[in-house]
Amino acid sequence: MKLFTNRLFNHRRIIFIFLLAIFLPLLIAGYLSLSTFSKRREAIKNLLESNLWISGEAALNSVEGRLLEHERRVLKSENYIRFVQPGKPGHTNLSSSVLSEDSVGQLFLLDADFKIVFPETGSDNTSLIQWGKEIDNSQFASSFNQAEYYEFSQKNYTHAAKLYKECTVSAPSNQYRAVAYEGLGRCLLASEKYDEAEKVYNVLSGDYGQFLNKASHPYGIDAIFQLYEIARKKKQEEKSLTVLLNLYKQVREGVWIINQPSYDFYITEIESILSNKLTEEKFPEIRRSYAVIQKQQSSYGQTLLFADFLERNAIPQIKEKSSLLRTENRTAQDRFPGTFKDDNFLISYDILPDFQPGQTFYNGFCWDLNLLKNMIITKILEDLSKDSGLDFKIIDDKDHNISSGNDELTSGESMTLAFRIFPLPWKLLVSHPEIK
């Protein structure tokens, strides 16, 4: 029995040694292979991370290079020459009319004294327009003075209207002719000759609307206000409200170049009348049209806001930087960031020596940062991602993806790079999917 047990034990030991001889080399080989794979994996990861920094730098340079090309194209002097030529546009400031379809922002032009040439807005000078010496002792001046005497002192509106009508013929220029038509319209209105007054104010609005009266207000706006009053006095309520609604739309579109206080006054006055008159259910079409216009952005209102922004935020910095450029003999083209009413902005500008004979001008461009990040930069990064296989995102100082609003985790598997040439309020986040 004991002999049988020893034989069984020896047999099992032989089997164990045999199995160990077979599997031990396999285990050793497996361990060595696993160790080698881990080291190789770590080596590949280190290589990818090294290439990530190189690729990130290249991507950043590519983005800023494209923005520099865009900036140079926008700041070319030929884009601004039209703003100082006869028949220049009034207040249109979107650069899309000058640049390519993906170029969005607002152009501006300053003269040598840093006064805004473009976008054009009304002057804040509300002093009365003075008569020129060219009408002294003229038939026009004599008739006009008599007309004012009969209108204001004698209240003889019929005779005053006759004299004003003579002045419309003898006026030495359209400016004086507009003044005469204004007086004629007043007298006809005071005489309750509404049909004749309506014709005069239509002429004043259509032919002389851009001229300024003695209070520096466009004749066009005041004439249309009088047309509204005439329709109201003639009990043509629907027509009067239609006239006023059209005036409201034209003021918002900038048909007349006026300053901010005048714009606010006219808009407030018209809105007060329309809101009061359109409370009843009598004119549903006019009320709907009014509601649609109110929901739309006022193009001229935006122009006035942009001009105010330039005065308060951009021009002081351009003045300071321009003086440094002259003392340090640096390149003129420059850019600077800032904040206006909780919104970030970026200004690019240049100096145009001899833009006009012997005159220096300053041209510039206010980037629309929302469209910059959503259209220009995003498209550049998408193209780079396709070519390189890397993931590119733009994040803010809180590591939020500015496109999606999601948090982006920054770790050793990614890297962030700050913009260098363009002082943008964001960072470039670069990652490689294979590192993970």
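The values are calculated or read from the model by the stated rules, or taken from the named source; none is laboratory data. Being a predicted model, the structure only gives us computed values, none of them experimental. Here the Cβ positions follow ideal geometry from the backbone for every residue, glycine too, while neighbour counts run over all protein chains shown.
Can you find a residue in the range 300-316 that is within 30 Å of R232 (Cα to Cα) and part of a helix (DSSP H, G or I)? Looking through the range 300-316, at least one residue is within 30 Å of R232 (Cα to Cα) and part of a helix (DSSP H, G or I).
Here S323 passes the criteria (1) polar (S, T, N, Q); (2) within 17 Å of F108 (Cβ to Cβ); (3) over 25 Å from the mean Cα position of the chain (by Cα) except the one numbered (2). Of the helices (runs of 4 or more DSSP H) contained entirely in the range 127-233, those carrying at least 1 residues that are at pLDDT 95 or above and over 23 Å from Y266 (Cβ atoms) fall at 139-148, 157-170, 174-190, 194-208. Residues that are in a loop (DSSP other than H, G, I, E, B) and more than 24 Å from the chain's Cα centre (by Cα) were ranked within the range 237-281; the one that is nearest to Y201 (Cα to Cα) is L278.
Among I270, I230, I257, I224, which is out of contact with any strand residue (DSSP E or B) (no Cβ under 6 Å at 6 or more places or on another chain) and surrounded by fewer than 20 Cβ atoms within 10 Å (Cβ to Cβ)?
Numbers: I270 fails: surrounded by fewer than 20 Cβ atoms within 10 Å (Cβ to Cβ); I230 fails: surrounded by fewer than 20 Cβ atoms within 10 Å (Cβ to Cβ); I224 fails: surrounded by fewer than 20 Cβ atoms within 10 Å (Cβ to Cβ).
Of I270, I230, I257, I224, the one residue that is out of contact with any strand residue (DSSP E or B) (no Cβ under 6 Å at 6 or more places or on another chain) and surrounded by fewer than 20 Cβ atoms within 10 Å (Cβ to Cβ) is I257.
Mind checking which pairs have a first residue in the range 238-253 that is farther than 19 Å from S298 by Cα and a second that is of a type in the set (D, E, K, R) and assigned to a helix (DSSP H, G or I), Cβ under 6 Å, 6 or more apart or different chains? These pairs meet every condition: S240/R232; L241/K277.
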